[in-house]
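Peer 1: Could you have a look at this structure, given as structure tokens, before my questions?
The values are calculated or read from the model by the stated rules, or taken from the named source; none is laboratory data. Nothing here was measured: the structure is a model prediction, and the numbers come from that model. With ideal geometry, Cβ positions are generated from the backbone for all residues, glycine too; neighbour counts draw on all protein chains shown. Keep in mind that these areas ignore ligands, DNA and RNA; they rest on the heavy atoms of the full protein, side chains included. Shrake-Rupley method; radii C 1.70, N 1.55, O 1.52, S 1.80 Å.
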Amino acid sequence: QVQLVESGGGLLQPGGSLRLSCAASGSIRSIDAMGWYRQAPGKQRDWVATITSGGSTNYADSVKGRFTISKDNTKKTVYLQMNSLKPEDTAVYYCNAERVLTENYRYLDIWGQGTLVTVSS
């Protein structure tokens, strides 16, 4: 069974920093891209950042310059370093893996369970 497990959420004050982690497990041959999305209370889920298998990154304008996405291929883990956090960054953050190729040669899109980040003074 292929799954994503996020960690690293918490409560912190504006201006603080936090690093989220997302580890993929299961029988995986490859992953085309991994990304982070977030959903604030009462709002839709929004895209935050993506990193491709080749290491290319893209960011939503709202987080550009403050957030950094990276990965460790050996650990099948993607990270989201969040700096200069603002109250409007408060949300449940979800990890996503696009076009996960399993050992059975199936392609799957996988979501993690989410981790809550609260930025408040």
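Peer 1: Placing +1 at every Lys and Arg Cβ and -1 at every Asp and Glu Cβ, with all other atoms neutral, what dipole size does the stretch 28-121 have around its Cα centre, in debye to the nearest 20? If you can, show how the numbers build up before the last one.
Peer 2: Numbers: 12 positive and 9 negative charges, 19 e Å.
Approximately 100 debye in magnitude.
Peer 1: So, one more: Pop out the ³J(HN,Hα) list for the stretch 83-98 in order, Karplus 6.51 cos²θ - 1.76 cosθ + 1.60 with θ = phi - 60°, rounded to Hz; leave Gly and Pro as x.
Peer 2: 10, 6, 5, 10, x, 6, 7, 4, 4, 8, 9, 10, 8, 9, 10, 9
Peer 1: I need the Kirkwood Rh of the chain: take the reciprocal of the average 1/r across all distinct C-alpha pairs and report it in angstrom.
Peer 2: 14.4
Peer 1: Which FRET efficiency value, to the nearest 0.05, is calculated for Thr118 and Ser27 with the Förster distance at 35 angstrom and r the Cβ-Cβ distance?
Peer 2: Working: r = 35 Å, r/R0 = 1.00.
For R0 = 35 Å, the calculated efficiency reads 0.50.
Peer 1: Also, I was wondering about something else. Using a probe of 1.4 angstrom, how much of the accessible area of the stretch 1-83 is carbon and sulfur, in percent? Each step should come with its number before you reach the end.
Peer 2: Numbers: 1970 of 4430 Å².
In the stretch 1-83, the share of accessible area belonging to carbon and sulfur is 44 percent.
Peer 1: Determine the order of Asp72, Asp32, Asp109 by accessible area, beginning with the largest, at a probe radius of 1.4 Å.
Peer 2: On the way: Asp72 40, Asp32 65, Asp109 105 Å².
In descending accessible area the options line up as Asp109, Asp32, Asp72.
Peer 1: Rounded to the nearest whole Å², what accessible area per residue is found for the chain with the 1.4 Å probe?
Peer 2: Details: 6500 Å² over 121 residues.
Per residue, the chain has 54 Å² of solvent-accessible surface.
Peer 1: Calculate the spin-label point distance for Asp61 paired with Leu101, positioning each point 7 Å from the Cα along the beta-carbon direction, and give it in nanometres.
Peer 2: In this crude spin-label approximation the distance works out to 3.6 nm.
Peer 1: Given the options Ser121, Cys95, Ser56, identify the residue whose Cα lies farthest towards the positive end of the charge dipole of the stretch 45-121 (+1 on Cβ of Lys, Arg; -1 on Cβ of Asp, Glu).
Peer 2: Comparing the listed Cα positions along the dipole, Ser56 ranks first.
Peer 1: Also: I'd like the Karplus ³J(HN,Hα) series for the stretch 69-75: coefficients 6.51, -1.76, 1.60, θ = phi - 60°, whole numbers in Hz, and an x wherever there's a Gly or Pro.
Peer 2: Ordered by residue, 3J(HN,Hα) equals 9, 8, 8, 10, 4, 5, 9 Hz.
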